[in-house]
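What follows draws every value from the coordinates through simple rules; no lab data is involved. Worth saying up front: this structure is predicted, and the values here are computed from it rather than measured. Cβ sites come from the backbone with ideal geometry, for glycine too, and all protein chains shown count toward neighbours.
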Amino acid sequence: MAERRTVWTSVLGLALCALWAGTGAQAAQVQNAKAIVQQAVNAELAANREDHSHWKYLQSEANGDKFLVVETQYGAVSRHVMENGRPASAATLREDDERNQRFIHDPALQAKQRRDGQHDDKSATELLNQMPEAFLWKVEGETAEAVSLSYQPNPNFDPPTMESRVMSAMTGTMVVAKPAYRIQSFKGRLNADVTIGFGFLARIKEGSTFDIERRQIAPGLWQITETHVHIGGHALFFKTIGQQQDEIKTDFKPVPPSTTLEEAVRMLQAGN
């Protein structure tokens, strides 16, 4: 009988060791995934501090409109190229030119554009900083070029802002490009309704989605190349991102740092 107890004790001990080993391996995987996300966040924050580049690019929208956009240190201006899938009409181009002339001669309009951009940059930085803790991360695959991760809400995360409350209720995927650990794509889906202030401040519906795609357009310089946002309900967290938005940006070309708004408008009108 003593021998039998010894055998069963050994079996139980082996089973517990296997369980502990499995739990330890799972914890190590979670910590590894979180470390990868933190490394990506650090890389993005450092790049944001150092990148002062400006670009000219084509922006295509789901309704068939296409714009030429020129960024400068004073602000960004745009002009139609296509309208509903056809070359922009003379009337539309005239309206664009009049709008741009108002903008380049009105410091208040320029200041508003800067404030909106700064507001969104601040919100994006805050959300970026919260990403490692807001979600439970898992490595789904890894190659020499990238790491693919999935995420789900972390029940122990206490969202400090309205924006983070919505973000932290998402599930989705993220791809991190190596070796610089830059975020290549970030996708999410809201799996349950989120209401803030009894629905007066925000009500975001289950099934709302977002998909952000980024590419390296010059050595060490990354830009958002696709934005797909489909939010059901109402909330105004970002000034420059709509609740229903599909944009694709292509043909990036650098703009000299000394470019003025007047020169940017002439670039639009020349189409180059």
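Pairs Lys66/Lys253; Lys187/Lys253; Lys66/Lys249; Lys112/Lys249; Lys34/Lys138; Lys56/Lys249: which exceed 18 Å Cα-Cα?
Beyond 18 Å: Lys187/Lys253; Lys112/Lys249.
Rounded to a whole number, what is D in µm²/s for the stretch 132-231 from Stokes-Einstein with the Kirkwood radius over alpha-carbon pairs (20 °C, 1.002 mPa s)?
It diffuses with D of about 146 µm²/s by this estimate.
For the stretch 123-152, which GluC sites (Glu not before Pro) are both in a DSSP coil and crowded by at most 13 other Cβ atoms within 10 Å?
Glu145
With a 10 Å radius around each residue's Cβ, average the other Cβ atoms per peptide and rank 86-95, 34-43, highest first.
With the highest mean Cβ count within 10 Å placed first, the list reads 34-43, 86-95.
Of the listed peptides 60-68, 249-257, what is their order by residue-averaged count of other C-beta atoms within 10 Å, with the highest listed first?
Output ranking for 60-68, 249-257: 60-68, 249-257.
Starting from the Cα of Lys205, draw a straight line to each of the aspartates and glutamates and keep only those under 18 Å, dropping any in the same chain fewer than 8 residues away.
The qualifying aspartates and glutamates are Glu163, Asp193.
What is the distance in Å between the Cα centroid of the stretch 122-152 and that of the stretch 207-230?
Between the Cα centres of the stretch 122-152 and the stretch 207-230 lies a distance of 14 Å.
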